[in-house]
Amino acid sequence: MAQTHIPVLLNACIEGLNIRPDGIYVDCTLGRGGHSLEIVKRLTAGRLIGIDRDAAAIEQAGARLAPYAAKTTLVRGNFSDLDEILASLQIGGVHGVLLDLGVSSPQLDDAGRGFSYMHDAPLDMRMDDRQTLTAREIVNNWPEAELKRIFLEYGEERWAQRIAAAVVSARSKKPVETTFELTEIIRSAMPASALREKQHPAKRCFQAIRIAVNDELTAVSAVMDKAIDALLPGGRLAVISFHSLEDRIVKNALKARTNGCTCPPDLPVCVCGFKPTLKIVTRKPIEAGREELQLNPRSRSAKLRIAEKI
């Protein structure tokens, strides 16, 4: 599996992190270790910390990074706890942090995990199987108003109200157990014109449920400040996002550390005391080029933002 895995925006990430051979780097979204492998290859006296809450990811990445085990520490945990993880490793500051947000390819490709509308499986979608909340719980027990909210906010699904009502109607007859059952309910609620669109009709709702199951947006909000605080002067933060909700959180967090002055614009000098702690390296997000898109269609919506600690 490792041989076929293609890390998104790999070259841009490695270049953007500006890796120093003796530096300490954190890959907060280890996955199969594709980005981590290229980071650790460039280290001599440095160290790589890889974090993932998915036990399968830790196992697979560990095998891939085995030749560099002396320079690698893998931690099963949530990247929203970055400060606690670094403190437990007695690391006071790092030279680079990478975040590759969203669901990973292994999770999508593992039919049994219930992330994909392309495979029939029990409704699960947990990145960490130690947690109790699953997609089945949300689909069968959350109120119709909450389903509508997450479909609208997390999935940006314009037919959210109709789909939420259809889910509640279906589950009143019998529990919704599998991904295919949910997909058919979603299809049944959508007008014919929506079903003719290029995008799979269940994509947005599956994204919304996955985000809710794993509380992804809360985790992204939490890790941004912690990652910036963990950086040493000159250290780089590289963040890949895949949808507008994540990207907005990332962009706003970077902006708050680069241009967070709260003074009225007509004041001649700043009196709020704001001091920037970051400078933006990428004024516009980096996106995949034509060649990468052909090799890896999943990179289509990826946006990479890079900033440097002052």
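The values are calculated or read from the model by the stated rules, or taken from the named source; none is laboratory data. As the structure is a prediction and not an experimental result, all values here were calculated from the model. Here the Cβ is made from the backbone with ideal geometry for all residues, glycine too, and neighbour counts use every protein chain on show. SASA here: full protein model, heavy atoms, side chains in, ligands and nucleic acids out. Shrake-Rupley method; radii C 1.70, N 1.55, O 1.52, S 1.80 Å.
Could you tell me whether the stretch 27-46 includes any residue that is crowded, with 23+ Cβ neighbours inside 10 Å, touching a His at 6+ places or on another chain (Cβ under 7 Å) and within 29 Å of Met125 (Cα to Cα)?
Checked the stretch 27-46: at least one residue is crowded, with 23+ Cβ neighbours inside 10 Å, touching a His at 6+ places or on another chain (Cβ under 7 Å) and within 29 Å of Met125 (Cα to Cα).
Between residues in the stretch 268-289 that are farther than 15 Å from Arg257 by Cβ and at pLDDT 95 or above and residues that are open to solvent by 60 Å² or more (accessible area, probe 1.4 Å) and not in a loop (DSSP other than H, G, I, E, B), which pairs lie under 7 Å by C-beta distance while being six or more apart or on different chains?
Pro285/Lys303; Glu287/Lys303
Against the definition (open to solvent by less than 20 Å² (accessible area, probe 1.4 Å), over 20 Å from Gly23 (Cα atoms) and β-branched (Val, Ile, Thr)), how does Val168 come out, yes or no?
Spelling it out, it is not the case that Val168 is open to solvent by less than 20 Å² (accessible area, probe 1.4 Å), over 20 Å from Gly23 (Cα atoms) and β-branched (Val, Ile, Thr).
Could you list all residues from the stretch 125-158 that are crowded, with 18+ Cβ neighbours inside 10 Å and of a type in the set (D, E, K, R)?
Arg126, Arg136, Lys148, Glu157
Check Glu146 against each of (1) within 22 Å of Ile249 (Cβ to Cβ); (2) charged (D, E, K, R); (3) assigned to a loop (DSSP other than H, G, I, E, B) and name the one condition it does not meet.
Glu146 satisfies all of (1) within 22 Å of Ile249 (Cβ to Cβ); (2) charged (D, E, K, R); (3) assigned to a loop (DSSP other than H, G, I, E, B) except (3).
Which of the residues spanning the stretch 67-100 are open to solvent by less than 60 Å² (accessible area, probe 1.4 Å), over 22 Å from the mean Cα position of the chain (by Cα) and aliphatic (A, V, I, L, M)?
Leu89, Ile91
Quick check, is Gly234 closer than 25 Å to Glu84 by Cβ and of a type in the set (Gly, Ala, Ser)?
Considered against the rule, which asks whether it is closer than 25 Å to Glu84 by Cβ and of a type in the set (Gly, Ala, Ser), Gly234 comes out as yes.
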